[in-house]
1. Check the stretch 106-114 and report whether any residue there is farther than 14 Å from Ile143 by Cβ and either without any contact (Cβ under 8 Å) to a residue 60 or more places away in the chain or small (Gly, Ala, Ser) (or both).
2. Considering only the stretch 140-154, state which residues are modelled with pLDDT under 90 and either buried (at least 19 other Cβ atoms within 10 Å of the Cβ) or among the aromatic types (Phe, Trp, Tyr) (or both).
3. Kindly indicate whether any position in the stretch 29-36 is aromatic (Phe, Trp, Tyr), within 25 Å of Ser144 (Cβ to Cβ) and either surrounded by fewer than 18 Cβ atoms within 10 Å (Cβ to Cβ) or modelled with pLDDT of 75 or more (or both).
4. In the stretch 124-139, which residues are within 16 Å of the chain's Cα centre (by Cα) and surrounded by 20 or more Cβ atoms within 10 Å (Cβ to Cβ)?
5. Consider Phe64 against the criteria (1) under 22 Å from Thr135 (Cα atoms); (2) among the aromatic types (Phe, Trp, Tyr); (3) modelled with pLDDT of 75 or more; (4) buried (at least 17 other Cβ atoms within 10 Å of the Cβ): it satisfies all of them except one. Which criterion is unmet?
6. Tell me which of these Phe183 doesn't satisfy, since it passes every other one: (1) modelled with pLDDT under 75; (2) surrounded by fewer than 18 Cβ atoms within 10 Å (Cβ to Cβ); (3) out of contact with any Ser or Thr (no Cβ under 9 Å at 6 or more places or on another chain).
7. Among the residues of the stretch 115-122, is there at least one that is more than 19 Å from Val45 (Cβ to Cβ), exposed (fewer than 14 other Cβ atoms within 10 Å of the Cβ) and either in contact with a Ser or Thr (Cβ under 6 Å, 6 or more places away or on another chain) or charged (D, E, K, R) (or both)?
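The values are calculated or read from the model by the stated rules, or taken from the named source; none is laboratory data. Keep in mind it's a predicted model, so treat the numbers as computed, not measured. Quick reminder, even Gly has a Cβ in these numbers, built from the backbone with ideal geometry, and neighbours come from all protein chains shown.
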Amino acid sequence: MLSAEFLTLPAVTIKIQFIEKEVSYIELLPASMEFLFLLFVNLVVGAVGFIPSVVLTAVNIQSFGLYGGSALTFIGEIVGALLGFYLYRFGFSKANPKWLRHPFWQKFQHQSTKRVFSLVILLRVLPFMPSGFVTAGAALTNISGKLFWIASTIGKIPAVVLELAAVYGVVQFVPVNIQLFLFGIILVVSIALWQLERIKTAKQKKSPQSAD
């Protein structure tokens, strides 16, 4: 009787290990899908450039930890900026020429490539500078996609590192309800500033027409 139980024990052990291995693969699938979904969202946010990335950075860190979340944030910011550059350039090529002759946009178009390269680095480093304005402004100039990507990456690395450090500290030491409250305020303020900028730009576009 004892020998029979002893002989069946290895089979039971193997069966349990096999089941545990199957469960680990099942649990791995949703995590990979979540990573791909967040990667897509990060690329979209990085390309558009008007949605505050700090909110998404917190989600990245909470979902995949410091290292996985940092990878998502860096890919979204750096690769997304290049995608946004080409999207904005394509959009401007289809825009009304009268709109592009506005003095505000003419300032961008007449900048030298060297100056645009330096300005992209400088504006990327500055905190609270909407990424979309920098990308859209650069897309109006003659700078190549390669040079823009290099300048954007140089400026974004220190900015993203500071953002990750700040967000990680908040995620670790601030309760979740307060985190959501703070991120909500950031989102509302960012949207409000964006709307004010749109209104200001619309008024500037109308003023030359009224003067004529």
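1. Scanning the stretch 106-114 turns up at least one residue that is farther than 14 Å from Ile143 by Cβ and either without any contact (Cβ under 8 Å) to a residue 60 or more places away in the chain or small (Gly, Ala, Ser) (or both).
2. Leu140, Thr141
3. no
4. Within the stretch 124-139, Arg124, Ser131, Val134, Thr135, Ala136 qualify.
5. Of (1) under 22 Å from Thr135 (Cα atoms); (2) among the aromatic types (Phe, Trp, Tyr); (3) modelled with pLDDT of 75 or more; (4) buried (at least 17 other Cβ atoms within 10 Å of the Cβ), only one is false for Phe64: (1).
6. (2)
7. yes
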